[in-house]
Amino acid sequence: MRIAYKLAYIGTNFHGFQYQPNVRTVAGELIKAFKELGIDVKKARMRCAGRTDAGVHAFGQVIAINTDKLIFPRMINAYLPDDITVWAWTEVSEDFNPRKAKSRKYVYVLPAGGYDISIMRKASKLLIGTHDFSNFTKGFGERRRCIRTIYSVELRIDRDFIVFEIEGNAFTWNMVRCIVSALEEVGSGGRSLEWFRDMLSPERYRERVEPAPAYGLILKDICYEDVEFEIDEYAWKTLQHRFNRFISYHGTLYKLFSLFKD
């Protein structure tokens, strides 16, 4: 049988998802956990939906493996560190490839101070539709087009933060983080709405945009046709406990140091 899993991870202490020798990666920790469960991931054809960069987080990352026994998320979590939690599963077809998704959703969060939110929203709406995102892609100087389709965007204020959510069929390397950098430029008055529109037409205007920091980005969800995941209730409680502990720690630091801010 082939099983797909949804997992969450805090990317801070990982050198990305993809396995790399001698450094800590999400895939590396999963490989060790599956080995403890008697599964060789090479023979099991482990695949992931997307390879997040160093420091990027995930809530709905998807992996799939072949196995001759049913392994529930809670069983995998027993061998994983606290910053990775598998929380849902489903049996899929033998040819299921997590990369062939209907859509992907990302969320980026940044401090809200000093930005013109109205103009940022106008700029974000320009993203909807099919465009060449070469100007928002790492390595944009290479001779290739980066055609992607964006289905929806939302930019909202949540207390002291801007929350930017985007859904598309796929995303290029650093694409979301580069978009956020461009929105910041527009929101701060450093660049115009016309400039942002031009950035979506790389055939006549080329400019490199540096990506926003990785720590503000999370892979929220990955959606498939006719695939429904079942939540492992025990694993879900484990995830919520770990999130609450993480929020308590960093929330305390946020409040503590904000006492000394001018």
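The values are calculated or read from the model by the stated rules, or taken from the named source; none is laboratory data. These figures come from a predicted structure and were not determined experimentally. For neighbour counting, all protein chains shown are included, and Cβ atoms are generated from backbone atoms with ideal geometry for every residue, glycine included. All accessible areas refer to the heavy atoms of the entire protein, side chains included, with ligands and DNA or RNA removed. Shrake-Rupley method; radii C 1.70, N 1.55, O 1.52, S 1.80 Å.
For segment 147-161, the criterion of being part of a loop (DSSP other than H, G, I, E, B), within 18 Å of the chain's Cα centre (by Cα) and β-branched (Val, Ile, Thr) is met by none of the residues.
Of everything in segment 29-41 that is in a loop (DSSP other than H, G, I, E, B) and open to solvent by 50 Å² or more (accessible area, probe 1.4 Å), the residue that is modelled with the highest pLDDT is Gly38. Selection over segment 186-209 of residues that are surrounded by fewer than 18 Cβ atoms within 10 Å (Cβ to Cβ), outside any loop (DSSP other than H, G, I, E, B) and of a type outside the set (Lys, Arg) gives a count of 4.
Scanning segment 120-140 for residues that are open to solvent by 40 Å² or more (accessible area, probe 1.4 Å) and within 30 Å of Lys261 (Cα to Cα) turns up just one, Arg121. Residue pairs whose Cβ atoms lie under 7 Å apart, separated by 6 or more positions or on different chains, with the first residue in segment 224-239 and within 14 Å of Met75 (Cα to Cα) and in contact (Cβ under 8 Å) with a residue 60 or more places away in the chain and the second open to solvent by 100 Å² or more (accessible area, probe 1.4 Å) and not polar (S, T, N, Q), are Asp232/Arg74; Tyr234/Arg74; Ala235/Arg74. Residue count for segment 47-79 satisfying the condition of being assigned to a loop (DSSP other than H, G, I, E, B) and buried (at least 21 other Cβ atoms within 10 Å of the Cβ): 3.
Taking residues in segment 1-14 that are closer than 23 Å to Arg245 by Cα and at pLDDT 95 or above, and partners anywhere that are open to solvent by less than 20 Å² (accessible area, probe 1.4 Å) and not in a strand (DSSP E or B), the pairs with Cβ atoms closer than 6 Å and at least 6 places apart or on different chains are Ala8/Leu239; Tyr9/Val26; Gly11/Gly55; Gly11/Val56; Phe14/Thr25; Phe14/Val26.
Taking the condition exposed (fewer than 15 other Cβ atoms within 10 Å of the Cβ), farther than 30 Å from Arg47 by Cβ and modelled with pLDDT of 95 or more, does Ile157 pass? Against the criterion (exposed (fewer than 15 other Cβ atoms within 10 Å of the Cβ), farther than 30 Å from Arg47 by Cβ and modelled with pLDDT of 95 or more), Ile157 qualifies.
For segment 173-185, the set of residues classified as part of a loop (DSSP other than H, G, I, E, B) and either among the hydrophobic types (A, V, I, L, M, F, W, C) or open to solvent by 20 Å² or more (accessible area, probe 1.4 Å) (or both) consists of Trp173 only.
Kindly indicate which of Ala170, Ala235, Ala212 is assigned to a helix (DSSP H, G or I) and of a type outside the set (Ser, Thr, Tyr). Result: Ala235 is the single residue among Ala170, Ala235, Ala212 that is assigned to a helix (DSSP H, G or I) and of a type outside the set (Ser, Thr, Tyr). Across segment 215-225, a minimum of one residue is classified as open to solvent by 80 Å² or more (accessible area, probe 1.4 Å), modelled with pLDDT under 95 and not in a helix (DSSP H, G or I).
Going by the structure shown, is Pro98 open to solvent by 20 Å² or more (accessible area, probe 1.4 Å), out of contact with any Ser or Thr (no Cβ under 6 Å at 6 or more places or on another chain), at pLDDT 95 or above and part of a loop (DSSP other than H, G, I, E, B)? No. Among the criteria (1) at pLDDT 95 or above; (2) surrounded by 14 or more Cβ atoms within 10 Å (Cβ to Cβ); (3) of a type in the set (A, V, I, L, M, F, W, C); (4) over 18 Å from the mean Cα position of the chain (by Cα), the one Ala44 does not fulfil is (1).
If you take the residues of segment 234-249 that are in contact with a helix residue (DSSP H, G or I) (Cβ under 9 Å, 6 or more places away or on another chain) and open to solvent by 40 Å² or more (accessible area, probe 1.4 Å), which of them is farthest from Pro98 (Cα to Cα)? If we take residues in segment 234-249 being in contact with a helix residue (DSSP H, G or I) (Cβ under 9 Å, 6 or more places away or on another chain) and open to solvent by 40 Å² or more (accessible area, probe 1.4 Å), then Tyr234 is farthest from Pro98 (Cα to Cα).
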